[in-house]
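Below you'll find the structure, written out as structure tokens, and then a few comments.
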Amino acid sequence: NKKAFVELLFWKSPAAIREMTEGYGSLREGEGAGRTRVTPWTPQDEQELRELYWKYKEVEGEDVIAAILAHLPAPRRTRRQVVKQLVRL
């Protein structure tokens, strides 16, 4: 690739570098940056999130998101996912 030097000017993840060196399309499905798929929120998950929020929003001296994360069932969600979904709701 004659223009590979241009790609070196930008920040790359290890998966992108591996793909550059081994050829594009060399990563198998489920590897690299695409492997962390966010599981969608079901209506039941959203309802439970609402209930947990209303339950823990008035508790003094406690982090609301931490309390919600402690009581959410599987699949485990990250703090960022919970906050983003609460804002969306």
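What follows is calculated from the coordinates using simple rules that are stated; it is not laboratory data. Everything numeric here is computed off the predicted structure, so don't read it as measured data. Quick reminder, even Gly has a Cβ in these numbers, built from the backbone with ideal geometry, and neighbours come from all protein chains shown.
Determine which aspartates and glutamates satisfy two conditions relative to LYS12: a Cα distance under 20 Å, and not lying fewer than 8 residues away in the same chain.
Leaving aside aspartates and glutamates fewer than 8 places away in the same chain, those within reach of LYS12 are GLU22, GLU29, GLU31.
Give me a comma-separated list of calculated 3J(HN,Hα) values for region 3-10, in order, Karplus coefficients 6.51, -1.76, 1.60 applied at θ = phi - 60°, integers in Hz, x for any Gly or Pro.
3J(HN,Hα) across region 3-10, in whole Hz: 9, 5, 4, 5, 5, 6, 6, 10.
Kindly rank 54-62, 76-84 from highest to lowest mean number of other beta carbons found within 10 Å of each residue.
The densest-packed peptide leads the list: 76-84, 54-62.
Roughly how many nanometres apart are two label points built 7 Å out from the Cα toward the Cβ at GLU51 and THR21?
Reported label-point gap for GLU51 and THR21 is 5.1 nm.
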